[in-house]
Amino acid sequence: RLHSWPESCLVLGARAAGCEIATVLKAFGGSEIEVHLVNEGRHRLFDEEDEDMSDFVQDGLVRSGIFTYNDTKLEYAKVNEDKGTVECRIVTTHSMSPHPNDPLQKPTP
């Protein structure tokens, strides 16, 4: 049971269902939630489809404020039931362009 809206959410899996879940979370949570979509082991969204379509979907997600991570894998996850949080580490296996407002990216000097 969800008593309050989470500050952030990580959706593991960026196929059709993952993209839908991320979109719904962002739509209902608005600016109150950071949504991170991890495309585990794939270099682009919907890589079995046309590259232009894949880019179109990715651009739409980013424009709506969803952080997307391609060629990434979940390395570690730990549930903290007392705090109601999950600590996790995602590892990028391929270079990518960061989202302009990504809190996980270090500022450049």
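The values are calculated or read from the model by the stated rules, or taken from the named source; none is laboratory data. Quick caveat: nothing in here was measured; it's all calculated off a predicted structure. Accessible surface areas use protein heavy atoms only, side chains included; no ligands, DNA or RNA. Shrake-Rupley method; radii C 1.70, N 1.55, O 1.52, S 1.80 Å.
Key figures
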quantity	calculated
Gain upon complete extension [A16, V62; 0.36 nm per residue less C-alpha separation]	15.0 nm
In Å², nearest 10: area of L25 left accessible to a 1.4 Å probe	40 Å²
Accessible area (Å², 1.4 Å probe, nearest 10) - E75	100 Å²
Long-range amide H partners of I90 with built H, under 5 Å	E75
With DNA, RNA and ligands ignored, accessible area of F46 (1.4 Å probe; Å², nearest 10)	40 Å²
Sequence-distant residues sharing a close amide H with L10 (under 5 Å, placed H)	H36
Long-range amide H partners of D47 with built H, under 5 Å	none
